[in-house]
There are 2 protein chains.
Amino acid sequence: MLESMFCPIGVAVIGVGRKEGNVGHEIFDNIREAGFQNRFFAVNPKTEEIHGEKVYPSIKDIPYPVELAVVVVPSKLVPQVMEEAGEKGVKAAVIISAGFKETGIEGARLEKQVIDIAERYGIRVLGPNCLGVADTGCGLNATFAKETPYRGEIAMMSQSGALLTAILDWAKAERIGFSKIISLGNKADISEIDLLKTLKEDNQSKVICAYIEGITRGRDFMMVAEDVSKKKPIIAIKSGGTDAGARAVSSHTGTLAGSEQAYNSAFKQSGIIRAGSVEDLFDYAVGFAYQPLPKGRNVAIMTNAGGPGIMATDACERYGVSLAAFEKETIDALREVLPPAAGLYNPVDVLGDAKAERYRKAMEIVLADENVHSMVVILTPQAMTEIDKTAKIIVEMSRTFPEKLIYACYMGRADVSSGIKILTENRVPNYYYPERAVATLATVLSYAEYIHRGRVTYERFAVKKRRVREIFDETLKLGRRNLPDIQASQVADAYGIRIARCVLAKDVNEAIRIGGGLGFPLALKVVSPDILHKSDVGGIAIGVRDEVELGVMFNRIIDNVRRFMPQATIWGICLQEMITGARETIIGMSRDPQFGPLILFGLGGIYVEVLKDVSFRIAPVPDQEARKMVTEIQSYALLRGTRGQPGVDIDAIVDTVMRVSQLAMDFPEIVEMDINPFMALEKGKGGIAADVRITIGGK
Amino acid sequence: MLESMFCPIGVAVIGVGRKEGNVGHEIFDNIREAGFQNRFFAVNPKTEEIHGEKVYPSIKDIPYPVELAVVVVPSKLVPQVMEEAGEKGVKAAVIISAGFKETGIEGARLEKQVIDIAERYGIRVLGPNCLGVADTGCGLNATFAKETPYRGEIAMMSQSGALLTAILDWAKAERIGFSKIISLGNKADISEIDLLKTLKEDNQSKVICAYIEGITRGRDFMMVAEDVSKKKPIIAIKSGGTDAGARAVSSHTGTLAGSEQAYNSAFKQSGIIRAGSVEDLFDYAVGFAYQPLPKGRNVAIMTNAGGPGIMATDACERYGVSLAAFEKETIDALREVLPPAAGLYNPVDVLGDAKAERYRKAMEIVLADENVHSMVVILTPQAMTEIDKTAKIIVEMSRTFPEKLIYACYMGRADVSSGIKILTENRVPNYYYPERAVATLATVLSYAEYIHRGRVTYERFAVKKRRVREIFDETLKLGRRNLPDIQASQVADAYGIRIARCVLAKDVNEAIRIGGGLGFPLALKVVSPDILHKSDVGGIAIGVRDEVELGVMFNRIIDNVRRFMPQATIWGICLQEMITGARETIIGMSRDPQFGPLILFGLGGIYVEVLKDVSFRIAPVPDQEARKMVTEIQSYALLRGTRGQPGVDIDAIVDTVMRVSQLAMDFPEIVEMDINPFMALEKGKGGIAADVRITIGGK
C-alpha cells in the first residue's frame, strides 16, 4: 500500500544544500551510503553538483521516473515543490521540513494547503516535521539520523523523531536490526493506521513497534490493530499524561474513566502490547522477533550460579510464569551427565565450573522434555566459564529445537560481550538480568494467549430502540441533559435491563395508596429533573416499614429538598421495592473523545469510591471481555462467593454490561451513564438496576 | 574492626599452584597485578618459585609479619593450615576452599573444626567457600575473579560469588568503581552484621550494597543496619522464595505473614533500600554515591526532545516525585535565552537543535531557582547535538551547584557513549532511560525522608506481666497450646487492651440470669479449649434480642458443637455485649524465625481475607511506625472517614498495636495472636477487642 514510500522506483531529495550539516545534504548522503538499490537524485536550483553528481534545478527536470520525493525546503516553499512533484507523477512525499501545524494557526493553514495539493495529485504524505523514513530491505535511508539501521525484523514507527535517533543509537550498540523506521511527524496524512495496514502485509517485519503520544481516530485504530495483531505482535509505548480534572463529569464512571483507562482498554482489546519504557520495548521486540511463540506456559531455567537462578525463579512467581516439572527420565538423564552437587530439578544448576559441553548435555536433555516449552539459560562469567563456546552451543540448541523459545541471560557487559554478540547475531536474544528475560517471556505468553483465544462474539439483543429515541427527544426538547430517574430507568428497561419497580406518587395520599399495593419495606426517592445526587439533598429514605412511616418520610423528603434546593422542580416521590440480600455493583459508561464509550464495572460503595477496584472496556464489549471485566477485579472473590457464602449471578452482570454497551453504541448522544447500584442477586436469580442515571449531550 | 582483612600488613596466599588457571595462582596474580601496597607472599610446600619470587613451604617460614592468610588448599588440609596461620600470628583468614557446610554433615563438622581453631587464635574468618575479598583503597585484590574493580565509593558484599563475578563484569563496562568487594561464602564467622559495622566507619565507602539470600541473626542485623543506614545508605537485594505453605499456622495473621513480609518490614524499619534486581542495585548505588541528597522533593526536567520529556514526567507521576514550579524570574530568564518554540515550564524543552551552550544557559537559570532541588537532564543524539561538550557542561553545572542532585539521561548507547564516559568519570550518573533516572531519584528521596525522620520512640506501657505469666503457665500445665477465649481476653486485658465484657454461663438458666444483667442485644460464643474457629462449628450467635431468644440460641449452639465436634470439651457459653457502629479491624502477631514477632494490622473481614489489604512491622513497633501501619493500608480512607462519615479512633488502634507489640516482646512463647475483630469505635471513643486468640509454644 505504501510501497512507493518504502521501496520507490526513484527518489528525489528536494533541497540538498552544498554544505555538510545541511539537512538535505545529510539525507542525500544517508541514501548514498546506505546503498539504496534504485536510483536517487538531488534537487536544488542553486546547486549544480554534489559528490560529482548532477543536481537538478527541479524534480521535473529529472529524466527518470521518481516515485518518492523527500522534501527539505523551507515550509513556505513546500506547496510549490509539491505541485512540481505532482506534475512529475510522484506517488509519495516525505516532508521533513518543519514550520507547519506545530507552530500555530498560520502553519496549520499551510499544512492544509500542502495536503490539498497532495490529494489532488494522489500523493501520500509522511510528516511534515519528521525525521524521515528508512527501509533496510531495499537499502533506503531517507532520514537525517546519524545512524543507518542494521537490517532486521522489527518495524519501528514513532511520533517523536528525537526518540528515534536515540533508539537507533541504542540499537546500533546492541546490534538490533530493523525492517523499517518511520517518523510520523505531524501525521497530516499518513497515520499509525495506514502504517499498521501496510506493515501487516510486509514480510520483512515480524514485529511492529510504535511510540505514540496521541491517537485521533481511536476506533479505526482499534479495528485495524486488532486485525494486525492477530498476525504479528504490535508493541507500543503510549506516553503522555492523564487528563484528570480536565473534564467536567457528573457520574462515578466519569470520575474514574480517564484517557489512561481508555488507552489501556483499547490496547488490551486490540491485542497491542503496552511497553512501559523504551527498555521494555526493546526487550519485547527482540524476544518476539528472534524466537518462536512457545507451545505452552512452562519454562525451564538453567544456570551456572545459584543466586541468579533464584532471581529467575522469583521473577517467574512475580510474573506468573510456571516452572516446568520435568519427567522422571529427564532428571535421571541429568543425574548421569551432571556432577553430584548439581541441581537436577528446575532451576537446573550446572555449577560454577560448567564448561560449554556440560551446558550442551544438560540443554539437550531438558529441551527434549515435552513439559518444557521454553528456556532461560543463565551464564555468569566465572573462572572456568567458556563464554563464546557456550554461546555457540546455545545457538545450536536453538536450531535443534526450533519450536522451543530460548532466551539467554549472559550476566555482565565486558568479558561476556563477545558471547552476547554470537547470541544476538544468531537470533538468540540476550537479557542482562534474569528478571528481564522472565518479564519478556511473560509478555510473549500473554500475547500467545491473546491470539489463541476464540473468535470474539458480540451479542446483539432485541431492544426497544425507538422508545429510547422518544425519551431522549423529549428530554432534549425540554432543554435538559440529565434524564429524570424514571425516564432513565425506562431507557434501561427498553434495553432489557431489569429495573427496580418504581411508581411515582405525587402526594402523600397517593403514596400511601400505592405503597399498600407494592408491599413493604419500601425505598423512597425524590423525582426531580434538577437533582442528580439525591442523597446529598436528603431526597432518599430506605427501609420504610409501614404506612405511617411512609407518610412521615414522604413529607420529610419533600421538606429536605425544599430546604436544600428551593428552586428544584419536584415531580413527586418514587416508591420502590427494597432489594435485600444482594451484592451492590456498579455498571457505568463514559464517553472517551478518542475511543468512544468506555464501559465500567466494579463493586459498589467503598469498593468504587475508596479502593477504585474497577475494570474497563471500550464498547462494543464482546461476551468474553464482559466476563473478564467481572473476574479481573480484585474483589471478584466476593462475587464468586467465599467461605461457604453463595456467589452472585455473574451471568446477569455480564448480560447487563453488554446491554449497556449496546445502548452506548446505539446512542452516541449518551455522554455518561451509571447503574449504581446494580443489585446482583444470588446465582440464577438475576440482578436489578436499582438506580439509573443518564446524561445526554447533543446528537 | 576488620582492617587486617582489607588492608593487612602482609598477605600470604596458601596453596599457590604453579600452573595458570590454578585458583591460588590466579589469586596471587590478582594481588600482584592490582598493585597491592604492602607485602604479599605465596605458600606451597611443593613449589619453589613463581614469577621469579620465592614460594614458602609454610606460612611460618615467611620472615615478615603476615596479617591475612588467603587459604586455597583442599578442605581437609584447612585445619592444619589454620593452625600454622595462628602460630604465625595471622589476624584474618579468607578461606576460598569449598567442601564445607555446603556439602553436608561431614563438611559442616570440618567447618566447625576450622572455626574452633580460628577462635583459639583470635583469627576472623571470611568464608569458607567464597570468591575472596578486594579493597581498592590499598590495592588488594584477593579474589579469583577475572576483573580487578575500579576504585570507587561503593562497597559490595554478596552471598553469591558467581553474582559478584557478573557484577564486576557489568561494572567494568559501565566504569563503576568499588571501595570493597566481599564474598561472604558460608558465613562461618564473618557475617553481614560484622561487615556493616566495619563499613559504617570506612570513609572510602559512601554506599553499601548487599546481595542477601538469607540472614540468621535477624534482630541483630536490624539493629546494626538501622544504626548504619543513618550514616550511609544500604541497598540490598534479597532473593529467594517465600516459605508459603512450609509452616502450620492457625491464625489469620499467620496465614498472611510469610518470610517475604518479615524481610520487607525488617528492611523498611532499619532503613535498608530494597532493590528488585541487580539493575536497580546499580542504578541506586551510583545515584547515591555520585550526587548529594537533595534538600527537597522538587525536580526539574530538561530535555532536547519532547517525547522523552513526557516519559520523564509520566515517571514522576508514577513514582511520586514532584515537578518543581519555577519562580516567575526563572521563566522570564529562560524566555530570554531560549528560542521561541522552547518549553519554558517544567519540563524545559531546549529543542532538538540545542547545542551545549544552550544547555548551559538553561541549566544555570533553572538550577539557581530555589524551588528546584534536583534535575534530570535528558539528551537525545540529534543532528546538531554536541554530545561531549554538553556532558562537560553538565559536569561543570554539577560542580557549580554542589548541593543540587543532577542525573543525566543520555539516550542511546553508541554515539552517546563518549559523553556518558565524561559524565560518569566526573560523578554525574547517567541513566539510559528517563524512567530509571526518576525511579532512582524517588529512592534517594525516600531515603532522605528516612534519615530526617525524628527519633523513633518506643512507648513502654505499665502492664500486669505476672498475670499473663500465670495464665500461660496454667495453660502449659494442662498441655494446651491454644488459650481458651476467656484466658486470651484476660491476657489482652492485662496488657491494657480494652476487651468486650464477656461472662461465662455454664447452662441455660445461668445464661438467662446473667443476660438480663448485661442488657440486650447480646452475642453468644461457645467457650472450649478445643475449638479455635468457633463459627465453623456453629458456635456463635449474634444479635440475641431477649431472654427467649437467649434460651433458644444457647441450646442451639451446644447442639451444633456436639454435632460437629463430639469430642470437644465445652466449658460453657460466653455472653458478650454487642458492639455496634464500629469498624472491624484486625490486629495480630506471628513469630518469624529470623526476625521475631511480626505485627499485622488490617481492616477485618473481606479486607483481610479477600483483598489482603494489611500492613506489617517487626516488634517492637515504635509509635510512628504503628501510626504508619494504619495509614498505609489501601482502605485507610474508610478509617479516616469519607463522604461525611465520621472517622474511627485511630489513636486507639495505634495504642493497641503497640501493646500487642510489647506483649509479643515480653513473652517469646507467644507463637501467634489475633485480635479479630478489634472494633474501632468513633473518634475519641476508643476501641474494643471483641475476640482474642493466642497460641503459645514452649518457652
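A compact table of results
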{"item": "Anchor B:LYS60: aspartates and glutamates whose Cα lies under 15 Å away (excluding residues fewer than 8 positions away in-chain)", "result": "B:GLU83, B:GLU84, B:GLU87"}
{"item": "Shielding of B:165-177 by partner chains, average beta-carbon count, 10 Å", "result": "5"}
{"item": "B:GLU669/B:ARG427 FRET efficiency (R0 56 Å; Cβ-Cβ; nearest 0.05)", "result": "0.60"}
{"item": "Proxy reagent accessibility, fewest Cβ within 10 Å first, across A:ARG591, B:ARG466", "result": "B:ARG466, A:ARG591"}
{"item": "Theoretical FRET efficiency, 1/(1+(r/R0)^6), r = Cβ-Cβ of A:GLU317 and A:LEU293, R0 30 Å, to 0.05", "result": "0.85"}
{"item": "Dipole magnitude of chain A about its Cα centre (Cβ charges: Lys, Arg +1; Asp, Glu -1), debye to nearest 20", "result": "1040"}
{"item": "Listed pairs A:LYS238/B:LYS355; A:LYS328/B:LYS101; A:LYS355/A:LYS421; A:LYS392/B:LYS146 exceeding 26 Å between Cα atoms", "result": "A:LYS238/B:LYS355; A:LYS328/B:LYS101"}
{"item": "Point-charge dipole on Cβ atoms (K/R +1, D/E -1) for segment B:268-355, about Cα centre, debye to 20", "result": "340"}
{"item": "Inter-chain Cβ neighbour average for residues B:306-316, partner chain, 10 Å", "result": "6"}
{"item": "Label geometry 7 Å along the beta-carbon vector: A:LYS506 inter-copy distances in nm", "result": "7.2"}
{"item": "Approximate shape of segment A:588-637 as ellipsoid semi-axes (Cα gyration tensor, √5λ), whole Å, largest first", "result": "19, 14, 6"}
{"item": "Fraction of the pair-distance distribution of segment B:537-636 above 21 Å, Cα-Cα pairs, percent", "result": "57"}
{"item": "Between segment A:205-220 and segment B:374-439, the alpha-carbon center distance in angstrom", "result": "30"}
{"item": "Largest-first ellipsoid semi-axes for segment B:293-452, taking √(5λ) over the Cα gyration tensor eigenvalues, angstrom", "result": "21, 18, 15"}
{"item": "Cα centroid of segment A:1-52 to Cα centroid of segment A:298-316, whole Å", "result": "51"}
{"item": "Segment B:112-151 versus segment A:483-498: alpha-carbon centroid distance in Å", "result": "78"}
{"item": "Flagged links, alpha-carbon separation over 32 Å, of B:LYS295/B:LYS685; B:LYS464/B:LYS534; A:LYS477/A:LYS685; B:LYS46/B:LYS200", "result": "B:LYS295/B:LYS685; A:LYS477/A:LYS685; B:LYS46/B:LYS200"}
{"item": "GluC sites (Glu not before Pro) lying in DSSP loop within segment A:13-101, provided at most 12 other Cβ fall within 10 Å", "result": "A:GLU20, A:GLU48"}
{"item": "All Cα pairs of segment A:583-696, percent lying beyond 26 Å", "result": "12"}
{"item": "Mean projected area in nm² (Cα convex hull; one quarter of hull surface) for the protein assembly as shown", "result": "60.9"}
{"item": "Teacher prompt: A:ASP613 distances to equivalent labels in other copies, 7 Å Cα→Cβ, nm", "result": "0.7"}
{"item": "Among beta bridges that DSSP assigns inside the protein assembly as shown, antiparallel share in %, nearest 5", "result": "50"}
{"item": "Pair A:ARG399, B:GLU632: separation of 7 Å Cα→Cβ label points (nm)", "result": "5.3"}
{"item": "Segment A:465-577: translational diffusion in µm²/s, Stokes-Einstein, Kirkwood Rh over Cα pairs, 25 °C, 0.890 mPa s", "result": "168"}
{"item": "Stokes-Einstein diffusion coefficient of chain B, Kirkwood radius over Cα pairs, 37 °C, 0.692 mPa s, in µm²/s", "result": "112"}
{"item": "Neighbour net charge for A:GLY343 - beta-carbon separation under 12 angstrom, K R +1, D E -1", "result": "0"}
{"item": "All-pairs Cα distance distribution in segment A:1-63, expressed in whole percent, bin size 5 Å", "result": "4, 19, 29, 26, 15, 5, 1, 0"}
{"item": "Restraint check, B:LYS525/B:LYS628; A:LYS91/A:LYS180; A:LYS361/B:LYS187; A:LYS232/A:LYS404; A:LYS91/A:LYS197; A:LYS628/B:LYS525, Cα-Cα greater than 29 Å", "result": "B:LYS525/B:LYS628; A:LYS361/B:LYS187; A:LYS628/B:LYS525"}
{"item": "R0 of 41 Å, Cβ-Cβ distance B:ASP536-B:TYR458: FRET efficiency to nearest 0.05", "result": "0.60"}
{"item": "Label 7 Å beyond Cα on the Cβ vector: A:GLY517 copy-to-copy distances, nm", "result": "5.7"}
{"item": "Closest approach to the axis - chain A beta-carbon, rotation onto B, Å", "result": "A:LEU611, 4"}
{"item": "Positive-end extreme of charge dipole, segment A:309-463 - chosen from A:TYR410, A:VAL337, A:LEU367 (charges on Cβ)", "result": "A:TYR410"}
{"item": "Segment B:THR216-B:GLU547, extension gain: residue separation times 0.36 nm, minus the distance between their alpha carbons", "result": "113.4 nm"}
{"item": "Order of B:ARG659, A:ARG219 - criterion: other Cβ atoms within 10 Å of each residue's Cβ, fewest first", "result": "A:ARG219, B:ARG659"}
{"item": "Label-point separation, B:GLU470 to B:GLU20 (7 Å along Cα→Cβ), nm", "result": "8.0"}
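Readers should treat all values here as calculations from the given coordinates under stated rules, not as data from a laboratory. Just so it is clear, the structure is predicted and the values come from calculations on it, not from any experiment. Neighbour counts are summed over all protein chains in view; Cβ atoms, including those assigned to glycine, are modelled from backbone coordinates with ideal geometry.
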